[in-house]
Amino acid sequence: MDDVIDLRIQRVLDEDESSESSESSSGSSQDAAESGQSGDHVRRAEPLVSYDTSLPALHSYLGNDLEELSGRTVLDDDSCQTIPILSLPGVMLIPGQTLPLQLYNPSTIAMMIHIIHSDHTFGLINSRFSGRVFANMIDTIGTTVEIRSYREEEGEYGVNHLIIKAEGRQRFEVLETRTQSDGIVIGKVRILPELSVGDPGECSKLNSLNKFKIPPPNLNTLERENTYQCNQLLHRSSHKYNKYDFANYTWFPEFVYKMYDPEVLMNRIKNMIQTWNKTMSSDLMPCNPKEFSYWIAANLPLDDRQRMELLKINEVTHRLRHELKILEECCVLTCRDCLCIIANREDIFSMSLQGPQGTYVNPNGYVHEAITVYKAKGLHLTGRPSTEQSWFPGYAWTIVECEHCNSHMGWRFTAVDKNLKPSKFWALCRSAIQNRISASEDVTDVNV
């Protein structure tokens, strides 16, 4: 069976190499034009995705026999908690993001089993990145992680392999830490609150206009009433009622309040992302501004410094404005070490229901945050393709490195079945790339 799969992969790879060689002469000039005219209206060939995007979100490569845990833990804002802390190099978890783990260290496995039988919660912090070496330094901001499912694999001397699927929940600030004799770090942390600015025009709105403000219709009522009459009523009321009418009675014009409206900021970011390509559908994005701000932080290629800045922000409007600024300045993705262009922002697309970027774990237990792009350049393949524990079932992965500095950049995934679309794509490691305005952008200090 493995020989048949290898033959299918090799056949697809041969077809890719022949097509890439024929497109190399015309594609290089086109890529140069697109990278230099990212602000112009340049028509690009967008990817056709016929793949079941729910498969990567399930992390089926970990197995389907994981035991589910019931109950959820919510810690009070501003409360001080004492929790075990796990440090992972190159991983900075965002609330709502899925974290898969394959653990082999006996002390870490013992810690996790104790957590599973208690409140299911531990803390995750990032090991700071410096060049090609991960320094063993503890960040001051992290995310609580709640274990959702697990599986123990016992060996001759007890549990020697633990598989976990968990989810990021709440941000915290590290107050102090201590290391136990077994190497486990115990931290005293403060749960960071989620603040809200509130309605800036509450004191300036006219109560006489409230009669024109009608709440959204109840879906159960719509089934019983005439939908056309309800829509007409909403149209007339929305025409008379202006959410920013209070600006006429203040010192600031209407556009100033829109600059700090989380709903307006969220829609601006959604429209900007959808201009990159049609695969970034707004239907798959959260509708709540707070959840959406975390979705953006988890799904765009931000370096450690930018993610740390977002995790420190306690208010959703401030977070959305900061993300909008980053998106406006991001044009290309470059190699973190040699700054060579790897992909354009328009090349980012979603191969998973959770978004274009996800957190995955390889068979050796190393966790990667990878973002999918359907076009890449400046990379070369290393090794043979393999389908072992593929993060995208139906695709074979091959390691790719930077052509200039030989840094590990990620993987190229090639469809085993020719009917799958896209036939190939790339998954780039977040820790290996950075977003830049252009290739000639000056860099001062991008390390945390």
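The values are calculated or read from the model by the stated rules, or taken from the named source; none is laboratory data. Computed from a predicted structure; not experimentally measured. No Cβ is skipped: glycine too gets one built from the backbone with ideal geometry, and neighbour counts run over all protein chains shown. In case anyone asks, the SASA skips ligands and DNA or RNA and just uses the protein heavy atoms, side chains included. Shrake-Rupley method; radii C 1.70, N 1.55, O 1.52, S 1.80 Å.
Here are a few things to note about the model shown:
- Accessible area (Å², 1.4 Å probe, nearest 10) - Glu202: 120
- Cβ crowding within 10 Å averaged over residues, with 64-76, 257-269 ranked highest first: 257-269, 64-76
- For the range 285-317, the residues whose backbone nitrogen is under 16 Å from a point 7 Å from the Cα of Glu202, taken along Cα to Cβ, are 316-317.
- Solvent-accessible area assigned to carbon and sulfur over the range 326-393 amounts to 50 percent, based on a 1.4 Å probe.
- Surface exposure of the range 291-448, expressed per residue as accessible area with a 1.4 Å probe, stands at 35 Å².
- Theoretical FRET efficiency, 1/(1+(r/R0)^6), r = Cβ-Cβ of Asn271 and Ala110, R0 51 Å, to 0.05: 0.55
- Over 27 Å apart at the Cα level, from the set Lys165/Lys418; Lys278/Lys312; Lys258/Lys312, are Lys165/Lys418; Lys278/Lys312.
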